[in-house]
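Chemist: Got a structure for you, questions after.
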Amino acid sequence: MSEESYTPPRVWKWEPGNGGKFANINRPEAGPTYDEALPEGKHPLQLYSLATPNGVKVTIMLEELLERGINDADYDAHLIQITEGEQFSSGFVEVNPNSKIPALLDKSTNPPQRVFESGAILLYLAEKFDAFLPKESAKRTECLSWLFWQMGSAPLLGGGFGHFYAYAPEPMKYPIDRFTLEVKRQLDVLDRHLAENRYMAGDEYSIADMAIYPWYGALVLGRLYDAAEFLEAHTYTHVKRWADDINIRPAVQRGRMVNRTWGEPEEQLHERHDASDFEHKTQDKIGTQDE
């Protein structure tokens, strides 16, 4: 049935395998589909993730904490293959009942503290280690406003534009036009703000930048959905300047590698359990941070 002729039924019924890249793992109910415990490494912080934009937020944050010399932020990053349905294991669902990556388990507390939703993980780590969250009230509020802006806006970029532009079984004009309109509006919001600010919360690099960069930074840098030309991303010059500034940070370059299973081999680090895991992969890729 074509897009134009479809009439929603009175009661919707799920039809498994209804097309799209992720049709094999989508279902209308929650909970585990099989029993399997999660692996655990040697560090108090256990991350279960994949290097999607949401996953990259957290690995950037952890690497930035380590770059700052906060050794207690050392972590194990375990790969969760979402296209294989590993987020539906009983162990993963215990850490995140919503079955989405990333998920964090902090074993330094008693009992261990689970944290899910990428924005919540960023805020948890910022408060735990007193870093990358402005202390002055007005700047802190600005930072959190942009953090929550990202959490509310990015689903329209990913689940909206990204799905219909890159992953839907066939291109459909109405949803692509609808979500393109919104994504370009969002880019304009960012561009106007960054015309007057070095970072999202002013002059201070923060968790707001770490949340927004993997989505909108990647978009203007041509790394997301192969859509930079379609969206005329080059016209958002202030977003591009901001993305370039963040892109050269050594911790960002390391964070982008963690739990990555695609792209050039030297840009992949499927699992991370020690800083030495980056050796021989980053020596030619990571330059000197421009402060």
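Chemist: Applying a 10 Å radius around every beta-carbon, put 216-223, 179-186, 62-69 in order of their mean neighbour count, most first.
Modeler: 216-223, 62-69, 179-186
Chemist: May I pose another question? To the nearest whole percent, what portion of all C-alpha pairs in the stretch 137-253 is separated by more than 19 angstrom?
Modeler: 44
Chemist: Give or take rounding to whole Å, what are the principal axis extents of the alpha carbon atoms in the chain, in descending order?
Modeler: Here the spans come out as 59, 49, 40 Å, largest first.
Chemist: What nm distance separates the two modelled labels at A120 and N247, each placed 7 Å from Cα along Cα→Cβ?
Modeler: It is 3.3 nm.
Chemist: Kindly list the residues of the stretch 56-84 that lie in the label zone of T261, defined by a backbone N under 17 Å from the point 7 Å along the Cα-to-C-beta vector.
Modeler: Those under the cut-off are 56, 77-84.
Chemist: Next up: About its Cα centre, what dipole magnitude does the chain give when the only charges are +1 on Lys and Arg Cβ and -1 on Asp and Glu Cβ, stated in debye to the nearest 20?
Modeler: 680
Chemist: What is the distance in Å between the Cα centroid of the stretch 80-98 and that of the stretch 159-233?
Modeler: First find each Cα centre; the distance between them is then 27 Å.
Chemist: I need to check one value: relative contact order of the chain, counting alpha carbon pairs closer than 8 Å and at least 6 residues apart, in percent.
Modeler: 21
Chemist: Pick out, from T83, I60, S118, the residue whose Cα sits farthest towards the positive end of the charge dipole of the stretch 38-188, with +1 on the Cβ of Lys and Arg and -1 on the Cβ of Asp and Glu.
Modeler: S118
Chemist: Starting from the 7 Å offset along Cα-to-Cβ, what nm value, one decimal, do you get for the label separation of S5 and D177?
Modeler: In this crude spin-label approximation the distance works out to 2.1 nm.
Chemist: Need the full-extension length gain, K139 to D35, defined as separation in residues times 0.36 nm minus the C-alpha distance. One decimal, nm.
Modeler: Additional length available on full extension: 33.0 nm.
Chemist: E94 label point, 7 Å along Cα→Cβ, cut-off 18 Å on backbone N: hits in the stretch 35-52?
Modeler: Under cut-off, by backbone N: 35-49.
Chemist: Among Q150, T180, W215, which residue has its Cα furthest toward the positive end of the charge dipole of the stretch 137-253, with +1 on Lys/Arg Cβ and -1 on Asp/Glu Cβ?
Modeler: Q150
Chemist: Still on this structure, I have one more. Work out the FRET efficiency for A168 and E84 from their Cβ-Cβ distance, taking R0 = 30 Å, and round it to the nearest 0.05.
Modeler: Once the sixth-power term is evaluated, E becomes 0.90.
Just so you know, all these numbers are worked out from the coordinates, no wet-lab data involved. In this text, all values refer to a predicted model and were calculated from it rather than measured experimentally. Cβ sites come from the backbone with ideal geometry, for glycine too, and all protein chains shown count toward neighbours.
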